[in-house]
Amino acid sequence: MDSASLEDDPDLQNKWATLLSNMVDSEKNIQNHVFPYILGQLSLPEYALLDVVVREKRDRVKRLGEELAKHNEHFGDLENGINQKLAEVKQSIASEKELPNGFEQLKKISQLVAQRGKLNSELAGLRVKGRQIEFRIAEPQQIPDGALKDFEVSNLIRLGLAKFLREPFADPVQIQIPNDPRDDYLSTEVEVIVEYTDTYVITELAELLILACSEDLDA
């Protein structure tokens, strides 16, 4: 605890006071005794940056959690509604195919197939939306580029508060596929170019540290 008495920055002194108070508060249940050492190794800009990033992450997770709960609440009704429309369209297509061939019949089938494709896309989008929200919730929180100097980022990495992350990404490509209205399936070949972006993200330890040094954040 010697670092607490040696700290001369008022803002960090307040963080020391909060940390020591939380560590003796049984309701906070802070078991990690490495926090005083880590706090003693941080400069004010480094701590301030971590505080901002952690709060941004918690706000994002809370917002997306509410969005996911709302999606799950209405998922069943929306899925049933789309499936009912799909069944009606498929029945209409089958009925049209039993009629003699003609321009108007082909036109009607083409319209129904397009409607079926739109409904299938809507259904697929609905089913994947929940997983997309869960993925966004689990995404690590990035440290903004240029927010800290290189040696400060290195210090955060040394203390286990940040880590380097390389993420793959691919730009979407729009393609047009000729469609025979009597065909149920389409096929094509698509070339996907994968690139990478390098970034730094905070770790779970960083979040726990900020929680331990804050009066207004709960675990």
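The values are calculated or read from the model by the stated rules, or taken from the named source; none is laboratory data. Please read these numbers as outputs of a predicted model, since none were measured by experiment. All Cβ positions, even for glycine, are placed from backbone atoms using ideal geometry, and neighbour counts span all protein chains on display.
In region 149-195, the qualifying residues are those that are among the acidic types (Asp, Glu) and modelled with pLDDT under 85, and the one that is surrounded by the most Cβ atoms within 10 Å (Cβ to Cβ) is GLU167.
Applying a threshold of 9 Å to beta carbon distances and a minimum spacing of six or more residues, or different chains, the list of pairs starting in region 6-19 at a residue that is more than 11 Å from CYS213 (Cβ to Cβ) and ending at one that is modelled with pLDDT of 90 or more and not in a helix (DSSP H, G or I) reads ASP9/SER43. The residue list GLU104, GLU66, GLU27, GLU73 contains one member that is modelled with pLDDT under 85, part of a helix (DSSP H, G or I), exposed (fewer than 13 other Cβ atoms within 10 Å of the Cβ) and charged (D, E, K, R), which is GLU104.
For the residues LEU165, LEU148, the requirement of being touching a Pro at 6+ places or on another chain (Cβ under 8 Å) and closer than 30 Å to LYS70 by Cβ singles out LEU165. Scanning region 113-149 for residues that are more than 27 Å from VAL53 (Cβ to Cβ) and of a type in the set (Gly, Ala, Ser) returns ALA114, GLY117, SER121, ALA124, GLY125. In the condition set (1) of a type outside the set (Ser, Thr, Tyr); (2) exposed (fewer than 11 other Cβ atoms within 10 Å of the Cβ); (3) in contact (Cβ under 8 Å) with a residue 40 or more places away in the chain; (4) part of a helix (DSSP H, G or I), LEU126 is compliant with all but (2). Restricting attention to region 30-63 and to residues that are of a type in the set (A, V, I, L, M, F, W, C) and part of a loop (DSSP other than H, G, I, E, B), the residue that is surrounded by the fewest Cβ atoms within 10 Å (Cβ to Cβ) turns out to be VAL34.
For region 87-109, the candidate set comprises residues that are small (Gly, Ala, Ser) and under 45 Å from the mean Cα position of the chain (by Cα); within that set, the residue that is nearest to LEU123 (Cα to Cα) is ALA87. Within region 147-157, restricting attention to residues that are assigned to a helix (DSSP H, G or I) and touching a residue at least 12 places away in the same chain (Cβ under 8 Å), the residue that is nearest to LEU44 (Cα to Cα) is GLU152. Within region 105-119, residues that are within 11 Å of VAL89 (Cα to Cα) reach partners that are of a type in the set (Lys, Arg) with beta carbons closer than 6 Å, at six or more positions or on different chains, in the pairs LEU119/LYS85.
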